[in-house]
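This report refers to the structure that appears directly beneath it.
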Protein chains: 2
Amino acid sequence: MAIGAEIIETVWIPPYEGRGVKVSKGQRLCIIDVEGKQVGDFVCFNRENPGEHVSPVHMRSSLSSIRLKEGDFLYSNLRRPLMRLVKDTVGKHDFFFPACDYYRYKVDFGREDHPNCHDNLEKALREFGIKPRPLPDPINWFMNNVLDENGDYVIEEPLSKPGDYVMLEALEDVVAAVSACSQDIAPVNGYRVTPLKLQVLEGR
Amino acid sequence: MAIGAEIIETVWIPPYEGRGVKVSKGQRLCIIDVEGKQVGDFVCFNRENPGEHVSPVHMRSSLSSIRLKEGDFLYSNLRRPLMRLVKDTVGKHDFFFPACDYYRYKVDFGREDHPNCHDNLEKALREFGIKPRPLPDPINWFMNNVLDENGDYVIEEPLSKPGDYVMLEALEDVVAAVSACSQDIAPVNGYRVTPLKLQVLEGR
């Protein structure tokens with residue numbers, strides 16, 4: 001990537017963990033899939049009004065779509081754009097699935113103590129003084145839901161290769177948080193949880 | 001319908017309004033589209049624990065689908081089934097779209113004072129002592145999103161004819177609320193807002 005010179009901040013997200021980052025209006029956020037096939041659950045709040053957040057259910061309405069394309073806005077629960085997807089080297093993500101959570105592993109897999117994106121995101125946001133309840137639905141970068149003509153779907157391995165990324169431009173001052181999805185007992189992350197990397201870049 | 005003898009309660013929902021109703025475990029709730037082509041935005045809470053509610057984002061995960069079929073469970077944010085869809089005379093509904101709200105009419109149509117499902121549902125729930133913030137995503141009964149192979153969609157008129165209905169069985173003691181969707185400046189309700197009717201029926 002020819003974007004090294006503009007980097008303001010780099011944040012590594014270890015496997016099974018989440019991290020938050022401030023991105024100011026006009027700056028860009030790069031979410032990098034370091035080793036490939038790793039989903040990143042993403043939430044994003046307006047720093048001026050933490051009651052406003054990126055809202056996948058409102059995005060589906062405002063975009064008239066369940067796919068994300070370069071140029072698309074990430075709309076909030078107040079139907080305003082908070083970020084814009086300016087670059088995407090993968091082209092397949094999800095924004096109709098929940099974050100994995102305690103109940104997912106308990107109910108569906110009988111596991112009481114599995115790490116999960118919901119709790120990772122809450123923990124990452126606490127460091128920025130944001131305590132949402134409930135947590136907004138996430139955008140699941142690199143997640144590969146394959147929908148058939150009936151509306152049923154299966155989750156396949158992500159299409160992302162090592163170093164693939166998406167780049168977002170902040171349209172307001174925001175806090176974003178991303179969790180390296182902890183799902184290691186289904187194809188979501190290719191059965192192997194790996195790190196993600198965040199980069200904050202100067203505006204163009 | 002040959003279900004008249006079993007009716008415990010009937011609730012009419014006038015156009016542009018919402019109403020709530022208690023349904024106890026084992027009882028059934030019928031949501032009837034009286035004149036046809038009228039969407040009903042629906043939310044449902046566990047009476048024993050109002051922090052638990054029917055959650056479309058978790059339903060998509062647990063059902064592996066964005067269509068609803070007879071026999072499907074309506075899952076909660078705790079990934080437990082709160083109701084079951086036992087009968088459906090239409091077969092086309094939506095559970096990935098938000099309730100229409102103040103911001104929808106303001107931002108997308110320049111209308112400051114239009115009735116909306118979000119506020120109608122909040123008002124209907126207040127009478128049962130339920131004050132959710134934010135309101136859960138709704139199931140939009142009879143709403144007809146037509147998705148293409150790319151994941152883009154258009155909203156067409158509902159397929160429901162006068163008297164069509166869905167029937168739900170309560171798996172816990174719940175409060176459900178339904179709003180006759182106020183959208184009259186797009187095809188959502190066939191450009192005409194009409195009443196809905198709720199019936200609570202004895203268990204079989």
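For residue A:29, the amide hydrogen comes within under 5 Å of the amide hydrogens of A:168, A:169, A:170, A:201, counting only partners 5 or more places away or on other chains and with H modelled in the peptide plane.
Backbone amide hydrogens, once placed in the peptide plane, bring residue A:100 within less than 5 Å of A:117, A:118, excluding anything fewer than 5 places away on its chain.
Here residue A:150 yields copy-to-copy label distances, from shortest upward, of 2.6 nm, the label point defined as 7 Å from Cα along Cα to C-beta. When the accessible areas of B alone and A alone are added and the area of the pair subtracted, with a 1.4 Å probe, the result is around 2600 Å², both sides summed. Ordered from largest to smallest accessible area (heavy atoms of protein chains, 1.4 Å probe), the residues B:165, B:16 come out as B:16, B:165.
Straight-line cross-link reach from residue B:131 at under 18 Å between alpha-carbon atoms covers these lysines, not counting any fewer than eight positions away in the same chain: B:22, B:123.
Net charge in the neighbourhood of residue B:172 (other residues with Cβ under 9 Å of its Cβ; Lys, Arg +1, Asp, Glu -1) is 0. Computed over the alpha-carbon atoms, the stretch B:35-192 gives an Rg to Rh ratio of 0.95, Rh here being the Kirkwood radius from the mean inverse distance. The HN-Hα couplings worked out from phi for the stretch B:63-77 by the Karplus form 6.51 cos²θ - 1.76 cosθ + 1.60 (θ = phi - 60°) are 8, 6, 7, 10, 10, 10, 10, 3, x, 5, 8, 9, 7, 9, 5 Hz, whole numbers, x standing for Gly and Pro.
Neighbouring Cβ atoms from other chains, within 10 Å of the Cβ of residues in A:74-81, number 3 on average. Shown in residue order for the stretch A:35-49 are the 3J(HN,Hα) couplings computed by the Karplus curve 6.51 cos²θ - 1.76 cosθ + 1.60 at θ = phi - 60°: 9, x, 6, 10, 6, x, 7, 10, 10, 8, 10, 6, 5, 6, 8 Hz (x for Gly and Pro). Taking a ≥ b ≥ c as the square roots of the Cα gyration tensor eigenvalues, the stretch B:16-69 comes out oblate, since a/c reaches at least 1.5 and a/b does not exceed b/c. For a paramagnetic label modelled on residue A:106 (point 7 Å from Cα along Cα→Cβ), amide N atoms under 12 Å away are absent within the stretch A:185-201.
Each of B:121, B:188, B:163 was scored by the projection of its Cα onto the charge dipole of chain B, and the greatest displacement toward the positive side belongs to B:121; charges sit on the C-beta of Lys, Arg, Asp and Glu.
Rounded to whole Å, give me the distance from the Cα center of the stretch A:55-121 to that of the stretch B:129-197. When both Cα centres are located, 23 Å separates them. For the stretch B:35-192, with only Lys/Arg (+1) and Asp/Glu (-1) charged at the beta-carbon, what is the dipole magnitude about the Cα centre, in debye rounded to 20? Computed about the Cα centre, the dipole is about 280 debye.
Here the accessible area is traced with a 1.4 Å probe on the protein chains. For the stretch A:35-192, carbon and sulfur cover 47 percent of it.
Neighbouring Cβ atoms from other chains, within 10 Å of the Cβ of residues in B:82-89, number 0 on average. Charge dipole of the protein assembly as shown (Cα centre as origin; +1 on each Lys and Arg Cβ, -1 on each Asp and Glu Cβ, all else neutral): 540 debye, rounded to the nearest 20.
Note that the stretch A:1-100, at 37 °C in a medium of 0.692 mPa s, gets a Stokes-Einstein diffusion coefficient of 219 µm²/s from its Kirkwood radius over C-alpha pairs.
Spacing of the modelled spin labels on residue A:191 and residue B:11, each 7 Å from Cα toward Cβ, amounts to 4.9 nm. Under 5 Å between amide hydrogens, built in the peptide plane, is the criterion, and for residue A:160 it picks out A:37 among residues at least 5 positions away or on other chains.
The values are calculated or read from the model by the stated rules, or taken from the named source; none is laboratory data. Note that the structure is a prediction, hence the values are computed from the model and not measured. We place every Cβ from the backbone using ideal geometry, glycine too, and count neighbours over all the protein chains shown. What goes into the accessible areas is simple: the full protein's heavy atoms, side chains included, and nothing from ligands, DNA or RNA. Shrake-Rupley method; radii C 1.70, N 1.55, O 1.52, S 1.80 Å.
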